[in-house]
1. From the list 100, 129, 85, 120, which residue is modelled with pLDDT of 95 or more, more than 23 Å from residue 31 (Cα to Cα), crowded, with 22+ Cβ neighbours inside 10 Å and not assigned by TED's automatic domain parsing to the domain that holds residue 271?
2. Among the residues of region 72-100, write down those that are at negative phi and part of a loop (DSSP other than H, G, I, E, B).
3. On the basis of being within 20 Å of residue 151 (Cβ to Cβ), surrounded by fewer than 20 Cβ atoms within 10 Å (Cβ to Cβ) and at pLDDT 55 or above, does residue 27 make the cut?
4. Only one residue in 181, 195, 224, 215 is out of contact with any helix residue (DSSP H, G or I) (no Cβ under 6 Å at 6 or more places or on another chain) and surrounded by 14 or more Cβ atoms within 10 Å (Cβ to Cβ), so which one is that?
5. Would you pick out the residues in region 137-178 that are within 23 Å of residue 271 (Cα to Cα) and in contact with a helix residue (DSSP H, G or I) (Cβ under 6 Å, 6 or more places away or on another chain)?
6. Out of the residues in region 258-275 meeting the condition of being farther than 30 Å from residue 140 by Cβ and free of Cβ contacts under 8 Å to residues at least 40 places away in the same chain, tell me which one is surrounded by the most Cβ atoms within 10 Å (Cβ to Cβ).
7. Which residues, counting only those in region 276-306, are in a loop (DSSP other than H, G, I, E, B) and surrounded by fewer than 22 Cβ atoms within 10 Å (Cβ to Cβ)?
8. With 46, 33 as the choices, which residue is under 19 Å from the mean Cα position of the chain (by Cα), crowded, with 21+ Cβ neighbours inside 10 Å and modelled with pLDDT of 70 or more?
């Protein structure tokens, strides 16, 4: 699976260079709880709950690069060595983190996996859990509990922030409900299942074969039959939008994109890490609004930008 890739030499050098295996320095001069989000959307939720009590680092945070080409660094190993709380996605998406965590063992570090919080088996096909509106409220609840365990005196503070975050999620769920009511069974094509949980939530009809989505997600070539089916969705105008992973592209996905544009199918750009200038909830709402614009007026959102 493409999502577990990491350059082994870079990982080894990072851990050896940092010299952190088996040690930790969980005390920071700032007095803040040191936390790490494997992906910046999880880091953002940590900040939302931890507020002034946390110092948060996001490992994957650049929406303009392929998140699967990640390379470790001594600085990252050092950060993990002092982290008291780590939040990750799971489902093979960030398997590279497993080796890093083993190389920076601490006795009191809390690791939260969205996969485990959602009680999902390893066989779950789609790892992009942050698009599922049920994921982040559950992860946020676990984060609040983890932070409270580290700093019990701030229990009320974390609980208040959790309540605020939970209320803010209604902006996402309300946007989903509005789109679902306005365009039931919205027909869409996709390059990968990046935003499929969002699409499922609005009751969209995802016309692209799963086997094609899975092939592109895993870095392999789809079958000729699946590719022909995908192309026909555009040439015959069988879909109302093309949900396009803007962050991980190839000559094949670019070909599909050009074909969609040529036949007047609006593009909806989606991402695997949070675009610059957005918080998590703002990002999710922006994605729904982009899909709404495509359905309402055929307007493309080829990039999310602020």
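The values are calculated or read from the model by the stated rules, or taken from the named source; none is laboratory data. Quick caveat, the model's predicted, so the values are computed rather than measured. Neighbour counts are summed over all protein chains in view; Cβ atoms, including those assigned to glycine, are modelled from backbone coordinates with ideal geometry.
1. Result of the check over 100, 129, 85, 120: 129.
2. Within region 72-100, 72, 73, 83, 84, 89, 93, 94, 95 meet the criteria.
3. No; evaluated as a whole, the condition is false for this residue.
4. Result: 215 is the single residue among 181, 195, 224, 215 that is out of contact with any helix residue (DSSP H, G or I) (no Cβ under 6 Å at 6 or more places or on another chain) and surrounded by 14 or more Cβ atoms within 10 Å (Cβ to Cβ).
5. Result: 137, 138, 139, 140, 165, 166, 168, 169, 171, 172, 175, 176.
6. This residue is 266.
7. The answer is 276, 277, 278, 279, 298, 299, 300, 302, 303, 305, 306.
8. Matching residue, one of 46, 33: 46.
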